[in-house]
Structure formats: structure tokens, C-alpha cells
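The values are calculated or read from the model by the stated rules, or taken from the named source; none is laboratory data. All values derive from a computational prediction rather than experimental measurement. Cβ atoms come from the backbone with ideal geometry, glycine included; neighbour counts cover every protein chain shown. Areas reflect the complete protein model, heavy atoms only, side chains present, ligands, DNA and RNA absent. Shrake-Rupley method; radii C 1.70, N 1.55, O 1.52, S 1.80 Å.
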Amino acid sequence: MRIDILTIFPGMLEAPFEHSIIKRAKEKGLAEIHLHDIREYANNKHRRVDDYPYGGGSGMVMMIQPIADCIEQLKSQRDYDEIIFTTPDGEVFNQNKANYLSTLTNIMMLCGHYKGIDERIRENYITREISIGDYVLSGGELATAVITDSIVRLLPGVLGDETSALSDSFQNSLLSPPVYTRPYDYKGLKVPNILLSGDDKKIDDWRFQKSLERTRLRRPDLFDEE
Ligand code: SAH
């Protein structure tokens, strides 16, 4: 999978992809992530990427020209399955959407800033608009990092244990059961004995019950999904 990210602050996105699972995915050749500095596409003297909003009001708006030229150039090199804009008024991201995006080959993601981007980009180039939740960030970079992380870890071969992603929260509309590791007894705090029983069937049943319990308590709304 190839992900192209368009941003005016590429430095904000370097560190998140240089560690742990995403780093490994890149090293294994399973994911390619390319950062594009929108400013480099600005065809004005001072490489301006924003301007005052028509009609007045506070805040700046990202200009159409640098973004359009960057998108056009990338589109001339390959076909994109989705061109995503991260925005608080987009569809709210969830695991189903991460699953879908992880099946694609080429994804472009655009990070907004200030008041947002010129609407004509959204109308003419963007195929999908995604929000990572009902709150407002100062820019789309962190949202893009969140979406990228959630997609890349799902690519076949990225996680060591192939079944690991499938047993995560939300994959079956349930939250994950609690997990424990050594030591068995930490200052009197013990691990549930069933997990040491060696009886896989009983352990699976216990985990399923815990998942149900936890979902019922914390996220009963998940039972209504699907
Ligand atoms: N004026 C806009 C907010 C702009 S915030 C509004 O009220 O809708 C600046 C940029 O941050 C946005 O263009 C978007 O790219 C990003 N952003 C902010 N909150 C976000 C969220 N919840 N999900 C995804 N992107 C977000």
C-alpha cells in the first residue's frame, strides 16, 4: 500500500512513522508513506499557502492553487483509490472504515489548517472526508497520523501474530477482554487463575464473557451497530 500525505508541516508527520509497527511495515516493504510539502507547490513569490476568506470573517483559508497542483501531479503518476480530506465535518472514523481503507492500494490524504481549505478542492478532488472525532484540532496532521496508524497495522504481514488485529476491540463489535502478563503475583495482586489453567476452551469462554461484560458496561451502543 502507498499513502501520500499532503501537508504544510511535513515535520509534524516524520516522527510518528519512524517507530514501532509503522516503521516495521515500511522496512518490510508493506507500506510506503510519502510526505508532500504543499508550500513547495505555491506559485507565488513568498510561497504563500493561505489567504483571507472571501466575505470577511476571522481566520485564514488554505488556497486552492498549491493543493490542486500537488494533487494533479500525484494523480498524473498513479491512480488513487481514495483522496481523503481530514475535517471535523467529515464522516466519523471507526474500525470498519480502517478495515476498508486497509484493502486499498493508493491513498492520498490532505491535512487542512487554519479555517480549513478552499471549498473548491473539496468539491472537485476529494473522494472522502473523515473526522477522527467531535472535537477540533489545529491541523489535520495528527488526524492523518491516527488514520494511517490504524490502517497500516491491519496490512497482512505487519503484525507479528496474524490473528492479533482480529482480536482487538471493535473488530467483532465488542471491546477487548482484560490482558495480563508476568508476574502472576505482584504484591498480592494476582492474575485470574483461569488464564493459567491451560484449558483453551475455558479461556476463550472467559475472554468472551469479559468482552461482553465490558461492552455492556462501557459501550452498550456497539451492540446496536452492524
Ligand atoms: N473551521 C473548521 C475547523 C478547522 S481546524 C471547522 O470548524 O470545521 C483546521 C484543520 O484541522 C481542518 O481543516 C482539518 O484538516 C483538521 N482537523 C481539525 N479537527 C479535526 C478532526 N476532528 N478530524 C479530522 N481533522 C481535523
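Pick out, from region 113-222, the helices (runs of 4 or more DSSP H) lying fully within it that include 3 or more residues that are over 20 Å from residue 8 (Cβ atoms), free of Cβ contacts under 8 Å to residues at least 24 places away in the same chain and more than 16 Å from the ligand (Cβ to nearest atom).
200-218
Can you name the condition, by its number, that residue 58 falls short on among (1) farther than 23 Å from residue 11 by Cβ; (2) in a helix (DSSP H, G or I)?
Unmet for residue 58, out of (1) farther than 23 Å from residue 11 by Cβ; (2) in a helix (DSSP H, G or I): (2).
Filter region 92-112 down to residues that are open to solvent by 80 Å² or more (accessible area, probe 1.4 Å) and more than 21 Å from residue 176 (Cα to Cα) and give me whichever is farthest from the ligand (Cβ to nearest atom).
Checked region 92-112; the qualifying residue farthest from the ligand (Cβ to nearest atom) is 105.
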